[in-house]
Amino acid sequence: MRERDIIIRPLLTEKSYADIANKRYVFVVAKDSNKTEIKLAIEKLFEVQVDWVNTVNCRGKLKRMGRNEGYTPAYKKAIVQLKADSKGIEFFDSLS
């Protein structure tokens with residue numbers, strides 16, 4: 001898989017905004033990717049040094065509209081911690 005296929009988009013929430021100052025970023029990633037692939041993709045795309053990667057499989061939520069019900073899509077998210085001597089990701093610098 002290519003780097004752009006592994007990293008789908010950043011996940012911007014209140015909790016992820018608070019961690020930007022600590023060089024910790026959250027991304028939605030491909031479901032079949034592993035921690036090593038995610039680390040290499042982040043390092044190549046953003047030219048930073050990754051310290052560690054944690055992943056979480058998030059199940060879809062049950063949603064109802066009247067008597068119809070269904071699930072939102074499931075996704076996988078990755079929490080990426082950069083090394084202390086690494087530069088930050090430029091996309092997130094304007095957000096913090």
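For helix 35-46, what angle does its Cα long axis make with the longest principal axis of the chain, in degrees from 0 to 90 and rounded to 10?
Relative to the chain, helix 35-46 is tipped by roughly 60 degrees.
Select one label from (1) 150; (2) 107; (3) 121: the one whose number is volume of the Cα convex hull per residue in Å³ as derived from the coordinates shown.
(2)
Helix-only estimate, please: 222 nm mean residue ellipticity of the chain, summing -39500 (n - 2.57) across DSSP H runs of length 4 or more and dividing by its residues, to the nearest 500.
Values: 4 runs with 26 residues, N = 96.
Taking each H run of at least 4 residues, the total per residue is -6500 deg cm²/dmol.
For K63 and L40, FRET efficiency with R0 = 35 Å and r from the beta-carbon atoms, rounded to 0.05?
Efficiency, rounded to the nearest 0.05: 0.50.
Take the cross-link list K23/K61; K39/K77; K23/K44; K31/K77; K31/K87 and give me the ones stretching past 20 Å between alpha-carbons.
Distance filter (> 20 Å) returns K23/K61; K31/K87.
Laboratory data are not the source of any read-out in this text; all were calculated from the coordinates shown. Here the structure is a predicted model, which means the values were calculated and not measured. Note that each Cβ is placed from the backbone with ideal geometry, even for glycine, and that neighbours are counted across all protein chains shown.
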